[in-house]
Amino acid sequence: MPVQTLTQLDPLRRALAGLRVRGPVALVPTMGALHEGHLTLVREARRHAASVVVSIFVNPRQFGPNEDLGRYPRQLAADSALLEHEGVELLWAPAVEAMYPAGYATSISVSGVSDGLCGAARPGHFDGVATVVCKLFNQVAPDMAFFGEKDWQQLAVIRRMARDLDLQAPAASAIHGVATVREADGLALSSRNAFLDPAQRAQAACLPRAMREAVAAVRSGASHDLAKAALVDQLLQGGFSSVDYAEFRDADTLAPIGPGERGNLRLFVAARIGGTRLIDNIAVEAD
């Protein structure tokens with residue numbers, strides 16, 4: 001059965017009323033250019049809900065002035081075909097004018113978990129994320145929502161927003177993270193991987209490899225600073241042009257950690273290869 005694609009809010013809400021008769025509704029928010037990582041989210045949502053809604057919206061408010069909004073891949077027809085194959089009932093694909101109509105003047109800012117990492121490297125990014133996700137939650141009112149753990153800081157921001165604003169559709173406890181899906185060489189799946197030429201794609205495999213080695217060094221007793229320095233050097237030697245950050249942080253609060261601190265930590269990295277910025281994170285202790 002073809003996936004129903006809607007672009008306006010009133011038809012969306014009418015369609016959702018029909019879906020809710022069948023049971024719980026799950027939302028998978030995306031910016032399109034779907035890959036196996038997104039489809040894994042859809043399959044996980046299918047396990048928990050009677051109906052799955054996927055949103056596709058390239059959100060201009062989370063892109064900075066010198067970022068890749070204009071060249072971000074847009075392929076709605078191909079994405080719709082993938083979602084139809086996965087049995088998605090509803091595709092919500094609003095235009096920018098529908099999401100942010102004339103006179104729109106509201107923004108949501110989540111402090112704490114948005115500090116540092118991508119929050120520092122991309123000022124205003126998480127305000128745009130929190131704002132659009134809150135709007136999507138209000139538009140769809142899902143019983144649950146699913147996000148990839150590759151964007152760990154984003155997931156923390158969204159959960160904190162839902163908790164602080166007392167959201168119930170979905171509640172913070174119903175916002176699920178799904179493990180990062182990776183290529184055979186360990187590179188995390190990302191829509192931005194499409195920007196890499198073949199040589200850059202081969203070099204990009206250095207990122208997960210260097211991260212695994214940094215984590216292994218810390219597990220063996222090396223200091224965080226030495227492990228980070230070795231990681232950065234390996235990336236620059238491996239073809240990356242720059243490293244925005246490489247940090248060990250508390251996995252729950254995303255707070256910076258002290259020297260020698262152990263516990264529930266993750267390694268977060270953002271690095272650039274050519275004109276493409278890649279991000280990733282992994283647990284310090286074995287999952």
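The values are calculated or read from the model by the stated rules, or taken from the named source; none is laboratory data. None of the values given here were measured: they were computed from a predicted structure. Virtual Cβ from ideal backbone geometry, glycine too; neighbours counted across all protein chains shown.
Can you tell me which residue within the range 56-95, out of those that are among the charged types (D, E, K, R) and either surrounded by fewer than 17 Cβ atoms within 10 Å (Cβ to Cβ) or part of a loop (DSSP other than H, G, I, E, B) (or both), is modelled with the lowest pLDDT?
The selected residue is Asp68.
Find all pairs meeting these conditions: Cβ atoms under 7 angstrom apart; at least six residues apart or on different chains; first residue within the range 210-228 and closer than 14 Å to Arg266 by Cα; second residue of a type in the set (Phe, Trp, Tyr) and in a loop (DSSP other than H, G, I, E, B).
Every condition considered, no pair remains.
Quick one: which residue in Ala171, Ala184, Ala162 is under 24 Å from Gly23 (Cβ atoms) and free of Cβ contacts under 8 Å to residues at least 12 places away in the same chain?
After applying the criteria, what remains is Ala171.
Can you find a residue that is surrounded by fewer than 18 Cβ atoms within 10 Å (Cβ to Cβ), within 21 Å of His38 (Cα to Cα) and either free of Cβ contacts under 8 Å to residues at least 60 places away in the same chain or not β-branched (Val, Ile, Thr) (or both) anywhere in the range 125-133?
no
Among the candidates Leu196, Leu231, Leu187, which residue alone is under 13 Å from Leu267 (Cβ atoms), of a type outside the set (Val, Ile, Thr) and buried (at least 19 other Cβ atoms within 10 Å of the Cβ)?
Leu231
May I ask you to say which residue of Arg71, Arg46 is closer than 20 Å to Ile175 by Cα, out of contact with any Lys or Arg (no Cβ under 6 Å at 6 or more places or on another chain) and among the basic types (Lys, Arg)?
Arg46
What are the residues in the range 239-287 that are within 18 Å of the chain's Cα centre (by Cα), closer than 19 Å to Val178 by Cβ and not hydrophobic (A, V, I, L, M, F, W, C), if any?
Once the filter is applied, which keeps residues that are within 18 Å of the chain's Cα centre (by Cα), closer than 19 Å to Val178 by Cβ and not hydrophobic (A, V, I, L, M, F, W, C), the range 239-287 yields Asp252, Arg266, Asp280, Asn281.
Which number in (1) over 20 Å from Phe147 (Cβ atoms); (2) modelled with pLDDT of 95 or more; (3) surrounded by 13 or more Cβ atoms within 10 Å (Cβ to Cβ) marks the one condition that Leu39 misses?
The failed condition is (1).
Look at the range 233-260 and say how many of its residues are under 24 Å from Val113 (Cβ atoms), charged (D, E, K, R) and without any contact (Cβ under 8 Å) to a residue 12 or more places away in the chain.
Qualifying residue count, the range 233-260: 0.
Does at least one position in the range 53-75 carry a residue that is over 18 Å from the mean Cα position of the chain (by Cα), among the β-branched types (Val, Ile, Thr) and over 30 Å from Val269 (Cα atoms)?
no
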